[in-house]
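Structure first, commentary second.
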Amino acid sequence: MKKLILFAALLLVAAGSWAFYPKTAEPAGYMMLRSQLIGNGFSFKVLLSVYPADGPVQNQEIPVKLGTTDKALASVEMLRTTELRKLNEYRQAGWHLAQVMQSGTETIYILEK
């Protein structure tokens, strides 16, 4: 009987210590979302690049309409809308915005998990 109680106590201690066993944490890191307007006077290109924490760079080119001011503003608005969609997509995946930097025609968003 004593052996059975000792075995049950050891089994209870082992099961209790298993609850405190360290769990593997999700990989944390940073991701960068960069939007830039690249131009050389007469031709422009809008590029949205995603630099993930653990993968290759993903580039997305957004069509630019030249001619009038309204067309150029529509292109910039399309860029901002695409940025916002990407940021919302990554927020739903567990990323949150850590920092925003803007310099000229380039905007960089740093995301943190």
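Coordinate-derived values only; no laboratory data. It should be emphasised that the depicted structure is a prediction, and the values quoted were computed from it without experimental measurement. Counting neighbours? That spans all protein chains shown, and the Cβs are built from the backbone with ideal geometry, glycine included.
Excluding Leu97 itself, what net charge comes from residues whose Cβ is under 13 Å from its Cβ, given Lys and Arg +1 and Asp and Glu -1? Computed value for this residue: 0.
Put a dot 7 Å past the Cα of Glu89, heading toward its Cβ, do the same for Ala8, and the two dots end up 5.8 nm apart. Summing +1 for each Lys or Arg and -1 for each Asp or Glu among the other residues whose beta-carbon sits under 10 angstrom from that of Gln36 gives +1. When restricted to Cα atoms, the chain yields an Rg and a Dmax of 25.6, 93 Å, respectively. Each Cα pair under 8 Å and six or more residues apart adds its separation to the average, and for the chain the resulting relative contact order is 25 percent. Computed extension gain for Ala72 through Val100, at 0.36 nm per residue and net of the alpha carbon distance, reaches 7.7 nm. Seen from Ser75, the other residues with C-beta closer than 14 Å to its C-beta sum to a net charge of 0, counting Lys and Arg as +1 and Asp and Glu as -1. Simple point charges give the picture: +1 on the Cβ of Lys and Arg, -1 on the Cβ of Asp and Glu, and for the chain a dipole about the Cα centre of about 500 debye. From least to most packed, judged by other beta carbons within 10 angstrom and beginning with the fewest, Ser49, Ser17 follow the order Ser17, Ser49. Once both labels are positioned 7 Å from their Cα atoms along Cα-to-Cβ, the gap between Arg80 and Gln60 label points is 1.7 nm.
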